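The values are calculated or read from the model by the stated rules, or taken from the named source; none is laboratory data. Because the structure is a prediction, the values reported are computed rather than measured. For neighbour counting, all protein chains shown are included, and Cβ atoms are generated from backbone atoms with ideal geometry for every residue, glycine included.
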Amino acid sequence: MICSGKDLEQSERMVSCRIKLGCRDAMDFYKKYSQNGKLFSYPKYQKHESGERPLNEKSAITYAKIFNVDWIWLLHGDKKHQETTISIDVVDTIACCGNGRVNFNTHIIGQQMMTVETLHQITTVHPNNIKILKVVGDSMEPTISNNDFVWVDISCRAPTGDGIYLFCIGDMLVVKRVQINPFNNSIQILSDNPKYKPIEADNYQSVNTVGRIISFTKMIG
């Protein structure tokens, strides 16, 4: 039964989502969406739905993708979802190490605090996978200017389509626009500022992608 007029319990949220998918019971949901037990086991799901075993973050994310709902709502409910405050790391503009890896944790210079509700007006990416850093240079003018801040989804380690990404090229981090040729998977790395020439690569998977730009904050003045 789907309750109204009050915040649902965690198990009630699970049941309401399962019913919306047209699954008559927990076993029906398991058979249709577990990928033969690869995503979750039947006993585990049954205990989650019955309330015998509380959800953890990992399970909430797994189920939320299937239910097509917000995993934080599934885990905490409406009130907690609105009130929960999270922090996102603000990192210094840094160069890559020689192996092209970036250790963001050693370059944290601050925290961006916000409610989950505010974050989800920007993105549904998990806050642990977001880093905020300052852009230096004018290569992405007028879209992104010198000293603007970009929000980077660091869980995206290869271009998934056209968009703006953070790359490690040589010993530098650069923000560039990507265009992928779907016929041969070749890629153009472009600057919005026309005075900078495009960079071409034979395959988009060969480019050292640090993350995808999901938002940016313009600096005024």
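Given the structure, is ASP153 touching a residue at least 60 places away in the same chain (Cβ under 8 Å) and among the charged types (D, E, K, R)?
yes
Listed here are the residues, each with its yes/no results for (1) farther than 16 Å from LEU74 by Cα; (2) in the same structural domain as TRP71 (by TED's automatic domain parsing); (3) surrounded by fewer than 18 Cβ atoms within 10 Å (Cβ to Cβ); (4) among the β-branched types (Val, Ile, Thr).
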position	(1), (2), (3), (4)
LEU21	no, yes, yes, no
ALA26	yes, yes, no, no
LYS31	yes, yes, yes, no
TYR45	no, yes, no, no
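Of the strands (runs of 3 or more DSSP E) entirely within segment 137-221, those holding at least 3 residues that are at pLDDT below 90 and farther than 21 Å from VAL102 by Cα occupy 199-201.
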